[in-house]
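Asker: Once you've had a glance at the structure underneath, I'll fire off some questions.
The values are calculated or read from the model by the stated rules, or taken from the named source; none is laboratory data. All of these numbers come straight from a predicted model, not from anything done at the bench. Note that each Cβ is placed from the backbone with ideal geometry, even for glycine, and that neighbours are counted across all protein chains shown.
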Amino acid sequence: MTPPNRPRGRGRRVEPSPVASLADAAGVVLIQPDSARDRDFQDQVRDLAPDVMMVVSYGEILNQDFLDLAPALNIHGSLLPRHRGASPIQTAILQGDAETGVTIQRIVLALDAGDILHEKRTAIGDAETSGELFERLENLGVEAALEALEMLESGTANFDPQDESVATHCHKITKPMGIVDWSRPSAELDCHVRGMNPWPSAQTSIEDGRGLKIHKARPLAGDDLTQALASEVAQNGPGTVIEADKRFLVTTGDGVMELEEVQLAGKRAMGAADLLRGLSLAVGSTLGLGV
C-alpha cells in the first residue's frame, strides 16, 4: 500500500513511485488510496485479514480505525525515545550524537510514542553526513524489520514501554535552518554542515551578497590550528575570511573552519581551492552579511 502516483520532475509527468514500480515488478497486489483514513481502503485492508502491518515513511497520521485493523509497526530512524518526530537522522548529527540506530515500535496515536519491539544500533562517523547516514539506516531498518517480524512469528516478541522522562523531539527541517551562524563553536558548525547535507545545505554568503552553500568543512584543531591562526581568531570576529588562496579558512566563535567543498549561487559544487582560483575573495571580508 502506497500513496497515489504523483507528478514528478520538471515536466510534472505522473509517474509511479519506487514502491509502486517494485510492487508491479514483483507481482504484488498494490493499493493506492488517497488517504489511509478512507473507509473503502480500510475495508480492503480488513478483507485481507493481515496478521501485522509494517509502516515505513508513509507521510500521514494514521487514525485509530486504521490501527484497529491489525497490529501496526513502524520503522523509526533513531533510538527511541530520543528524537521522536520528523527529522531524527539529521537531528542526531546536528546534536553531535555518537550513536544512533533504528527502532521498530508499535504505532499509537501519540507521535512515535508506542512500545518498542526491537532496535539496532550503529555509531555515527566523525565526518558522516545526514545523506550518508540515511543510506546506512535504510539498510539497517530492513534488517531490523525482518528480525522483528521473525520475533512475532516465533512468539518471542516482547514490547517495552518507552521511558517518557528521557524523550526528546525533533521537527521538520526547513530551508532557513541551513543558515550558518559563525559565532557558534567550530564543533557545532561541523555538526551543522554535516547535518544539513544534502538538504537544505549549510548556507552563508560572500561579501557581495551572493549565496554560498557549504557541503563539506572541518574544524581546525591541534597541530592544524597554529599560533598564527589562533592570533587571527583573536583579532577578527566570527565569519571572517583569514585565508583565501589554497585554503578557505573562516573564523568561528572559538576557532577556525576550513571550507572544503562549496557551491556559489548559480554554480556547481566544487572544491574550495577550485572556487578560489576563479573568485576574488578578500582576506578580512566577512561571510554571512547577505543572508
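Yes or no, residue by residue, for (1) at pLDDT below 95; (2) part of a helix (DSSP H, G or I); (3) aliphatic (A, V, I, L, M); (4) crowded, with 18+ Cβ neighbours inside 10 Å:
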site	(1), (2), (3), (4)
73	no, no, yes, yes
89	no, yes, yes, yes
111	yes, no, yes, no
117	no, no, yes, yes
125	no, no, no, no
137	no, yes, yes, yes
143	no, yes, no, no
148	no, yes, yes, yes
151	no, yes, yes, no
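Asker: Among (1) at pLDDT 95 or above; (2) among the small types (Gly, Ala, Ser); (3) over 16 Å from residue 95 (Cα atoms), which single condition is residue 186 missing?
Answerer: Of everything listed in (1) at pLDDT 95 or above; (2) among the small types (Gly, Ala, Ser); (3) over 16 Å from residue 95 (Cα atoms), residue 186 misses just condition (3).
Asker: Scan the range 254-291 for residues that are surrounded by fewer than 17 Cβ atoms within 10 Å (Cβ to Cβ), more than 19 Å from residue 175 (Cβ to Cβ) and of a type in the set (Gly, Ala, Ser) and report the count.
Answerer: Adding up the residues that qualify gives 7.
Asker: Given the range 221-283, what strands (runs of 3 or more DSSP E) lie entirely inside it while holding 2 or more residues that are of a type outside the set (Asp, Glu), within 23 Å of residue 198 (Cα to Cα) and not assigned by TED's automatic domain parsing to the domain that holds residue 187?
Answerer: Ranges flagged: none.
Asker: Quick check on my filter: what residues within the range 225-256 are of a type outside the set (Gly, Ala, Ser) and free of Cβ contacts under 8 Å to residues at least 12 places away in the same chain?
Answerer: 226, 227, 235
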